[in-house]
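Asks: My questions will all concern the structure given below.
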Amino acid sequence: MCGIVGYIGEQDACPILIDGLKRLEYRGYDSAGVAVLNGGGIDIRKSVGKLRALENVLEDCAPHGCIGIGHTRWATHGRPSDENAHPHSDCTGRITVVHNGIIENYVELKDRLVRGGHEFKSETDTEVAAHLIESHYKGDIAQAVRNAASEMDGSFALVVIAQNEPDKIIAARRHSPLVIGLGEGENYLASDVAAFLKYTRSVVYADDNNVVTITREGISVTDLDGNLIDKKAQTVDWDAAMAERGGYEHFMLKEIHEQPRALRETMRGRLSLEKNCVELPGINLTHDEIRKIDRIVMIACGTAYHASMAGKYAIEQLCRIPVELDVASELRYRDPIVDEHTLGIVISQSGETLDTMVGLNEVKNKGAKVIAITNVVGSMAARDAHGVLYTYAGPEIAVASTKAYTTQLMVLYLVALYFAQIRGTLDEQRATELREALWELPQKAELILNDVTAIESAAARYYCFNGFLYMARGANLASALEGALKVKEISYMHAEGYAAGEMKHGPIAMIDPTFATITVAVKSKTYDKILSNIREVKARSGDVIAIANPGDTTISDYADRVITVPETEEIFSPVLVAVPLQLMAYFVAYNRGPAIDQPRNLAKTVTVE
Ligand code: AGP
């Protein structure tokens, strides 16, 4: 995790670095720091806490210079403190680094360096990188970084400045994101394009084991042996305004409201009612390959994993292909059974989650074709998979994922319809009904967002309860888990998602008048079963909020409160059900007061194991 930035040009670097770090704060916010080359030496300022704390430090004594690097930290090695905040320097203070990732052999490297006389000031693995580069420095900083990187195991995106070579910044990466922004007479480096989007949309993505030298005039990239690599620039089609809050109090609320647009953009060019078909350019699978798939393995973490649960339901229903789900951190250690007829589907908003990327390569190396569903163009997932299907959600800044989730669902439904079309598992009339239902989802999501008062008022009643139980069946089991995750991560309240049929096997013991049950009771083949489950909760004095369809006259006899979402096909309903559950979590958190966009202990992108 952690966010890193670098700037070289003619402008004062510090304000540009701080602005970039603001856009990367979602990656971690335990401490922040900057280092600027000022002609005489390297000036470092850092502070524990959010970026605001660093800005307070800078108010009195900002460093000046036109080359600098910056960092916002999510602590892994060493508690959040001023000493452990990046940047870190070598013994001489002439070489300074910021780092995202984990240097797994840092203990061994540190022992060797300490024996060689190096003195350490922090508990971080990053400081090892600074001293290791120092130990290799013989007047060529790029070469010293190459030598140091060759000795480091684990993941890193490193950005380095050296007092003796004040006209360049060096960067290196392995398994952690690093992107270069190309300007006019100035260039940028960052973990994510959001950091420099207001200056340039022309970017180059560094690959694993690339070492990059950036100067004011240009960039050069080599491998660890120093061989030059030709890199092509790409244009990012996000603009800076897309990464701003746009009048909303929090990014999360803005991103919830962006869902109708994001869903439309994700469908555009793929679902056509006129042509009566789904087209998926980018999937990079022949019809023959699709017909031969005998199993799908989905790999994801967190919210993306919940999307995979709903995707499994749709693909199995519509294509009759068995789908296996794996939390990525489990897949990598269980030696999954995969062959050339298995299709891997990797789902990741960032396209950089470490466990998911390891899972991707695990199934790829075993002979499976892999497609990535990701939101970030050029991300590791996009580059490593055989095919890529982008979710066009735009930048998602809030740590709690919302529009990325519903657009992931949309892509999975498109995949299900596309495979069904090629494998002939649906009759034409049913396929047409489903395409039409999918087409209507953005507009139906808009209807929910037009009036959120019922959700706001429910949150005002339940935010002081002891916790929430989310229960659902079928495709909406994913909604229950995702609804509970949203509340947990931004309210820090106890919340559990359960298959309603499991209630009697344990969770029902938790029910009392201070524990609210949120249930999904939209039209489905298990609707009657859900009604019985509600009765069971009510019989134990539980308070029940039901997500149901308008015109359902039965549900109000069962539940204490009803929140409605427009009716749709059961398999697609998780998209609409997600919206009130996201809003419920948002308003509950709002009433309780934590930092909604940056919940404690979390970071947006988990690039460590
Ligand atoms: C959910 O709100 C979280 N932010 C988290 O569970 C997230 O979905 C997970 O870390 C996976 O991230 P990715 O989609 O970028 O791989």
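No value in this document is a laboratory result; all are computed from the given coordinates. Note that this is a predicted model, so its numbers are computed, not measured. Note: ideal-geometry Cβ built from the backbone for every residue, glycine included; neighbour counts use all protein chains shown.
Asks: Rg and Dmax of region 273-325, using alpha carbons, in Å: what are they?
Replies: Considering region 273-325 through its Cα atoms, Rg and Dmax are 12.8, 36 Å.
Asks: Ok, one more. I need the peptides 468-477, 331-340 ranked by packing, meaning the mean over residues of other C-beta atoms within 10 angstrom, with the highest value on top. Before the final figure, lay out each step's value.
Replies: Working: 468-477: 26.6, 331-340: 14.8.
Final packing ranking: 468-477, 331-340.
Asks: Region 67-130: which trypsin sites (Lys or Arg not before Pro) are DSSP loop and have at most 15 other beta-carbon atoms within 10 angstrom?
Replies: Numbers: sites: ARG73, ARG94, LYS110, ARG112, ARG115, LYS121; in loops: ARG94, LYS121.
Here the sparse-neighbourhood loop sites are LYS121.
Asks: Taking the Cβ of HIS64 as the centre, find all other residues whose Cβ is under 9 Å away and add up their charges (Lys, Arg: +1; Asp, Glu: -1).
Replies: Spelling it out: positives minus negatives among the neighbours equals -2.
Asks: Follow-up question, since we're still on this one. Bin by bin, in steps of 10 Å, what percent of the Cα pairs in region 72-114 do you find, going until the bin that has the longest distance?
Replies: In whole percents, the pair-distance histogram is 23, 55, 22.
Asks: Each residue of region 252-257 in order: what ³J(HN,Hα) in whole Hz does its phi give by Karplus 6.51 cos²θ - 1.76 cosθ + 1.60, θ = phi - 60°, with x for Gly and Pro?
Replies: My calculation for region 252-257 gives 4, 5, 4, 5, 4, 6 Hz in order.
Asks: If you line up the Cα atoms of region 125-255 on their principal axes, what length do they span on each, largest first, in Å?
Replies: 52, 32, 25
Asks: Just the number: Rg to Rh for region 326-480, Cα atoms, Kirkwood Rh, two decimals.
Replies: On the way: Rg = 18.5 Å, Rh = 18.1 Å.
Checking Rg against Rh, the ratio lands at 1.02.
Asks: Using alpha carbons only, how many degrees (0 to 90, rounded to 10) separate the axis of helix 302-319 from the longest principal axis of the chain?
Replies: 50
Asks: Now for a separate question. State to the nearest 20 debye the size of the charge dipole of region 451-592 about its Cα centre, where the only charges are +1 on K and R beta carbons and -1 on D and E beta carbons.
Replies: For this selection, approximately 280 debye.
Asks: Per the Cauchy relation, a quarter of the hull surface: what is the mean projected area of the convex hull of the alpha carbons in region 451-592, in nm²?
Replies: 7.2
Asks: Oh, and also: Assigning unit charges at the beta carbon (Lys, Arg +1; Asp, Glu -1) and nothing else, what dipole magnitude in debye, to the nearest 20, does the chain show about its Cα centre?
Replies: 900
Asks: Also, I was wondering about something else. When only alpha-carbon atoms are used, what values of Rg and Dmax, in angstrom, describe region 3-244?
Replies: Radius of gyration, then largest Cα-Cα span, for region 3-244: 16.2, 51 Å.
Asks: Report P(r) for region 214-308: all Cα-Cα distances, bin width 10 Å, range 0 to the bin holding the largest distance, values in whole percent.
Replies: Reading upward from the zero bin: 10, 20, 28, 28, 13, 1.
Asks: Which value at 222 nm does the chain reach when only helices count, each DSSP H run of 4 or more adding -39,500 (n - 2.57), with the total divided by all residues and rounded to the nearest 500 deg cm²/dmol?
Replies: Computed ellipticity for the chain at 222 nm equals -11000 deg cm²/dmol.
Asks: Please list, in chain and number order, the residues 5+ apart from GLU279 or on another chain whose amide H is under 5 Å from its amide H, with Hs placed from the backbone.
Replies: LEU271, SER272
Asks: Sticking with this one: What are the equivalent ellipsoid semi-axes of region 136-184, built from the alpha-carbon gyration tensor (square roots of five times its eigenvalues), in whole angstrom, biggest first?
Replies: Values for region 136-184, descending: 18, 18, 6 Å.
Asks: Another question about this same structure. So which trypsin sites (Lys or Arg not before Pro) in region 130-222 end up in coil per DSSP with only 12 or fewer other C-beta atoms within 10 Å?
Replies: LYS138
Asks: Could you calculate, for the chain, the ratio of the Cα radius of gyration to the Kirkwood radius, expressed as Rg to Rh?
Replies: Working: Rg = 25.2 Å, Rh = 25.3 Å.
Dividing the radius of gyration by the Kirkwood radius yields 1.00.
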